[in-house]
Structures are given as structure tokens and as C-alpha cells.
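Throughout, read-outs are computed from the coordinates displayed, never taken from laboratory work. Keep in mind the model is a prediction, meaning the values are calculated, not measured. No Cβ is skipped: glycine too gets one built from the backbone with ideal geometry, and neighbour counts run over all protein chains shown.
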Amino acid sequence: MITIIKYTFKEMLKKRAFLLVSILSLLYLSIYAFGLSKIFERPSNSIYDIIFQSEILSAGLFFANFIVAFLVVLTSVNSISGEIESGTIYSILSKPIKRYELVLGKFIGLSIMIVLYSSIMFLSVVGLNIWFGSKISFGWDNILKGLFFFDLGPIVFLALIIASSSIFSTINTGIIAIMAYGIALVGGVLEQIGTAMQQSQVGAFGLKSGESLINAGIITSLILPTDVIYRKMTAELLTQSSGISFMTQGLFGGMSQPSIYMFIYIFFYMVFLLYYGAKRFSQRDL
Amino acid sequence: MVLETQNLTKQFNGKGGFKEVTLSVEKGQVFGFLGPNGAGKSTFVKTMVGLLHPTSGFAWILGKPIGTVESREKVGFLPENFRYHDWMTGKELLTFHAELYKIKNPGKKIDELLELVKLKGHESKLIKNYSKGMQQRIGIAIALLNDPEIVFLDEPTSALDPVGRIEVREIIKELKSQGKTVFLNSHLLSEVEMVCDEVAVINHGRIIAQGKLEELLKEHTHVEMIVSDYTSELIEKISRLSKEFQFKEGKLSFKVEDREKIPIIAKMVIEADAKLYQLNTQTSSLEDLFINLIGKDEVS
Ligand SMILES: Nc1ncnc2c1ncn2[C@@H]1O[C@H](COP(=O)(O)OP(=O)(O)O)[C@@H](O)[C@H]1O
Ligand SMILES: [Mg+2]
């Protein structure tokens, strides 16, 4: 399994998709840095500036997260199915290796690469904000917790893709990945709007329709909990130990906080996906 | 027995594959698995190495039931539609596969195998830039990395030129001399004929003939005789000893399973006081046998 992990990691670095996303990331970070330099040119003091700065940070992380998700899809959709489709799997699985070792090895190898990549993106965005003089004060614990959840999202997404790639073709896995990600994104937005409606509107109508939006959001989080994790990340990053929160409402921020049950669910979600993917893969005729 | 199967069947939704194959391959043999395209050879080998799950029946490799990790420990496999990770160099690819086998310090073994498959000097080229024939040869090297007890070669010369074919034949002979067992899938009779001790012929997923190469050849010695002053009783006796018997105006044509029957038949003719003018025998090549068997199977 160590061998599979090692070579999965190596292969990734040689993939064209990896190069492409790296260039895209550099481009993005440059533009973001340029934008920040313009925004922080004028002196800021008011509370509105802090809210604005929080928005800028959230937006930066949101797109960084998006790029990482893009990397996950591009590098992982064919992780197992591609080996089957090209025929390279014959010489691997005819060896004294259990099939789950291949699935798990691929997952771990890709995870290492994705955590590294995702961490670089997160630290770059946060670092750039600090560098340009953001008024938001981060503690190390904020940054570390934020980083943890920023990296967790792509790993959960990876588990779904690896499981799908062990069972279905590359094309179908691509479709499943993009659909699941899209649904999670839309669901997250719905849940935010729902929460906002419940908080701002007093009328029974607002409460009711707000609630149904929240429920829709919860269901989509069950399908792929990346958005929930993302909101948790924002919360961890922006809530001070003193209790002051720099969190803001809006498309990139987060209002409703995921519950602990959601995180228990996420843990079992990953374990189940990998288990099920490996099991179905073991039963397959190759 | 290095390999043994009992009524092993693998079908895809009730179609294709192979049916009720019962085989045993002894240690040190070069076993030829012969059949036309689509006969079920690749399906059989892929089932042996655990890539396909059998529909029914049993099989063991070195006493271990197939499908288990243990059964693959001493096995080498060259797939038919071989494809290797083309972003690696030849040496990296061999190292990768050696690591999959958990071989410690594979450097020496890799050098040895590069020498054997005549890829020395090409080991730092990317697999991408290898010709089809070179890829097939590195595939053979991969199949031998772990010093296997049994090597499954699925059409190992399909991408090779005549010289390459001879080289593979030499490699097979070398393996045999090392006491290893080789299971050779082929649709080419000439290939099987030249290296195999024992052969099974498969068609439409079923074994239709099996045995030692010489015995299979013996089975089909064609005899032509010209006799006179015969009795119908004599003709009848000969027909009972032979196959595909034809008789017309003193001319007999038939096949015998065993060459030893020829002198017996000759003696019968003499003892029946008939006159024997001519007796020709022709031992058919495996190719004739092959075409014959496939042809017969087609009819029935
Ligand atoms: N994965 C599969 N799904 C369905 N049918 C298959 C599959 N693999 C092989 N077959 C069928 O099984 C038969 C035997 O194929 P194969 O073992 O490749 O033959 P050979 O190697 O002797 O040329 C063919 O009729 C083929 O179409
Ligand atoms: Mg074949």
C-alpha cells in the first residue's frame, strides 16, 4: 500500500491537470494580491471597513476553495477507473495485493497532495490579508482550526470521487462529482438565505419558508457536506476566543453554524464511502 | 500440481468466457492453451490471477484457492492487452512493480531481467517512447520480477517481429530449464508446437482436447491401405479399430489413435490371408489437428 501511496503522489505531480491548476492558482493569487493592495491603499478605521475586509477575506477563501475542488476533480476522477480503462490495472492487481489496498492507497496518496496544496492556498490567502494590513485579528488557533476545516472539505470530496471511481467509469464519476459539488453549493446558499429570512422577518410566512429552505440545505449537506465544512471553516477563522465574531452575512460568509451531529455524520460519511467503494471494487470483474 | 481447476466456469451474464474447465498443470511444464480468438483463453488466465471472479467451480494455484492474495504470491502474469504507466521510465516501471511485490533491493534482479528481454540501454527512456514490442518485452520482465513458480503469458508474441518471437521462445525454454512452469496462451499453433510439453485446446469456452503433445499427435495418424482378397469380416474388424473409416474397392482410409495399432492391423490383414499392396501413414501436424478439432466442434 505504501508503494501505491508513493506512486500515486508521484504520478500526480507529473499530470498535466496538476500543472494547469498550479498555473491557475498562481494567476489567481497574483490577481487577489493586486486587488488587496488597491483595497488597503486607503486608511481604514470604521467598523464598516472591518466588515468589508472580512468579506474580502471570505471571498478570497471561497475562490481558493473552489480552485482546490477543481484540482480534486481533475486529478482524481480517473484514479481507479482510469487504471481500468487503460488496462494498467491488470499488472497491478494480479500481484499479491488486496484490492482495497489500491483504493485506500490512492485515497491516501491523493489526500497528501491535496492537503499540501489546499494548505498552501489557504495560508497564501490569509497571509496576503495579514500582509496588506487587514484589521481582522487572527490568533494562531483561528488559523490552525480554519486550516483544518479548509483542508477537510476537499478530502471529503475526494472520498466521494474515489468511491465513485472504484465503481463507475471516469466520465460518470466526473458527472457525479460535479453534480454533487453543485448541489452542495446551491444547498448551502439556500440554507443561508433560509436562516437570514428566519432572523430578519417576523411574519409566519418568513419563518415557514425560511425553514423549508434550511431543510433543503440540510438534505444537500447530507449528499456532500463540503459546504457545511466550508462554513465551519469561516466560523473558526473569524470567531475570536473573546467571542467577537468577524463573521458576516453574505454569499461567501456563513450564518448558520453546523451542529456537532453534522461532523459525526461527516466522519461516517467518509468511512462508509471508502468502505463501500473498496467493497464494490473488490467484487468487480476487471 | 502447480495449477488445478475443477469444473471451473466463468461467464458474463450467461455468455462468453469458458465453461467447465478441468485442468491440471504439473510443475516444470510448458503448458499450451490453444484456441482461436474469442475461445476464452484470456478470460481463463484473468480468472486464474484473480482479475475475474469465477461463476462456478474451483481452482488452485500451488495449492492455494484462486482469488486469494496467497495464490498470487508466486505468480507472474503478462496480460494480453498489456499497458503500463507510460509516464515512468523502463527502470522506474520495473522498480514500481518490484515494490508492489515487496522485493527488497530489486536492482540486481532488474538488471538481470533487462538483459534477458534485451532492453539494456533503454531503461532510462520513458515507456511512452517504447515501441509496442519493447512494451511487451518489459511486460515479460515484469512477469518475472518475483521469480515466479508459474508464469501466465497471454499471447506474449502478439506485438513482436519474427526475431522477437524466437527470443520469447528462448526465454520460455530458459524458464523451463529453471524448473518453472509456463502457462502459454496462444492462437498460434506453431508457437505452441515449438515449446509446449502439454496442450489443451479450447474452443467456444470448452476444452475439446487435452494431453501430451506427442500423444495428441499420435491420436491422429492417418493410414491408407490398398488390399485385395479380403473378407468383409476383416474390413469390419479394421473399421472397429479406427476412426473416420472409409472403404472403397480395396482402398481403405482411416485414422488411428495410437500408432501401435498400425502393425496390429497389418498383421490382421496377413493372418486373414488377404494381400497387402500398400500401407501409407501420415502423422498430422498439430495444425491439422487444430483445424480438425475446431472444425468438428463447429459441426456438432
Ligand atoms: N468482460 C467481458 N464481458 C462480456 N463478455 C466478455 C468479456 N470478456 C470476454 N468476453 C467474451 O468471452 C469470450 C472469450 O473471450 P476471451 O477470453 O478474450 O477469448 P480469447 O482470449 O481466447 O481470444 C468472447 O466471446 C468474449 O466476447
Ligand atoms: Mg485473448
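Please tell me the relative contact order of segment A:47-140 in percent, rounded to the nearest whole number, where contacts are Cα pairs under 8 Å and at least six residues apart.
Values: 30 pairs, mean separation 54.9, N = 94.
With pairs under 8 Å counted, the relative contact order is 58 percent.
Can you give the relative contact order of chain B as a percent, counting alpha carbon pairs under 8 Å and 6+ residues apart?
Here the relative contact order equals 19 percent.
Mind ranking B:126-133, B:32-39 by how tightly packed they are, going by the mean number of other C-beta atoms within 10 angstrom, highest first?
B:32-39, B:126-133
List the residues of segment B:252-276 whose backbone N lies under 19 Å from a point placed 7 Å from the Cα of B:T231 along the Cα-to-Cβ direction.
B:264-276
Given a 10 angstrom Cα cut-off, can you work out which residue in B:E224, B:E73, B:E244 is the most mobile in a GNM of chain B?
Fluctuation is largest for B:E244.
Between A:I31 and A:V189, what FRET efficiency follows from the Cβ-Cβ distance if R0 is 22 Å, with the result rounded to 0.05?
The computed FRET efficiency comes out at 0.35.
Taking chain B as the reference, fit the longest principal axis to its C-alpha atoms, fit the long axis of helix B:132-144 to the helix C-alpha atoms, and give the angle between the two in degrees, 0 to 90, nearest 10.
That helix lies at roughly 90 degrees to the long axis.
Once the piece of chain linking B:E174 and B:L241 is laid out straight, how much longer is it, given 0.36 nm per residue of separation minus the C-alpha distance between them?
Gain in length upon complete extension: 20.0 nm.
Determine the relative contact order of chain A: mean sequence separation of Cα pairs under 8 Å and six or more apart, normalised by residue count, in whole percent.
Contact order relative to length: 25 percent.
Assigning unit charges at the beta carbon (Lys, Arg +1; Asp, Glu -1) and nothing else, what dipole magnitude in debye, to the nearest 20, does chain B show about its Cα centre?
940
Enter the angle in degrees (range 0 to 90, nearest 10) between the Cα long axis of helix B:107-116 and the first principal axis of the Cα atoms of chain B, meaning the one along which they spread out most.
It works out to around 40 degrees.
Taking only DSSP H segments of four or more residues, each worth -39500 (n - 2.57), what value at 222 nm results for chain A once the sum is divided by all its residues, to the nearest 500 deg cm²/dmol?
Rounded to the nearest 500, it is -27500 deg cm²/dmol.
In nm, to one decimal, how far is the modelled label at B:E257 from the one at A:S137, with both set 7 Å along Cα→Cβ?
9.9
For segment B:99-159 and segment A:111-175, write down the distance between their C-alpha centroids in whole Å.
40
Could you give the size of the charge dipole of segment A:87-238 about its Cα centre, using +1 on the Cβ of each K and R and -1 on the Cβ of each D and E, expressed in debye and rounded to the nearest 20?
Computed charge dipole of segment A:87-238: roughly 320 debye.
Quote the charge dipole size of the protein assembly as shown about the Cα centre in Debye, to the nearest 20; the model charges only the Cβ of Lys and Arg (+1) and of Asp and Glu (-1).
Charge dipole, the protein assembly as shown, about its Cα centre: 1360 debye, nearest 20.
What nm value, rounded to one decimal, do you get for the distance between B:D111 and B:T22 when each label is placed 7 Å out toward the C-beta?
So the label points at B:D111 and B:T22 sit 5.0 nm apart.
Which helices count as membrane-span-like in chain A under these terms: full DSSP H, at least 30 Å along the axis by C-alpha, Kyte-Doolittle mean of -0.5 or more? Let's see the in-between values first.
On the way: long enough: A:16-39 (34 Å, 1.62); A:47-76 (43 Å, 1.70); A:99-131 (47 Å, 1.46); A:140-167 (41 Å, 1.44); A:170-200 (45 Å, 0.98); A:260-283 (35 Å, 1.05).
Membrane-span-like by this criterion, though nothing is claimed about a membrane: A:16-39, A:47-76, A:99-131, A:140-167, A:170-200, A:260-283.
How much net charge surrounds A:S22 when only the other residues with a Cβ under 11 Å from the Cβ of A:S22 are counted, with Lys and Arg +1 and Asp and Glu -1?
+2
Any idea what angle helix B:286-299 forms with the longest principal axis of chain B, computed on alpha-carbon atoms, 0 to 90 degrees, nearest 10?
On a 0 to 90 degree scale, this one is about 80.
For B:S232, A:S25, B:S253, A:S137, what's the fewest-to-most ordering of other Cβ within 10 Å of each Cβ?
B:S232, A:S137, B:S253, A:S25
Using the basic label-point model (7 angstrom from Cα toward the beta carbon), what is the A:N215 to B:E80 distance in nanometres?
5.6
Would you work out which of B:T95, B:V182, B:L51 lies farthest towards the positive end of the dipole of chain B, given +1 charges on the beta-carbon of Lys and Arg and -1 on that of Asp and Glu, about the Cα centre?
So the residue we want is B:T95.
Specify which residue in the list B:P156, A:L222, A:L93 is farthest towards the positive end of the charge dipole of the protein assembly as shown, using unit charges on the beta carbon of Lys, Arg (+1) and Asp, Glu (-1), about the Cα centre.
Result: A:L222, furthest along the dipole toward the positive end.
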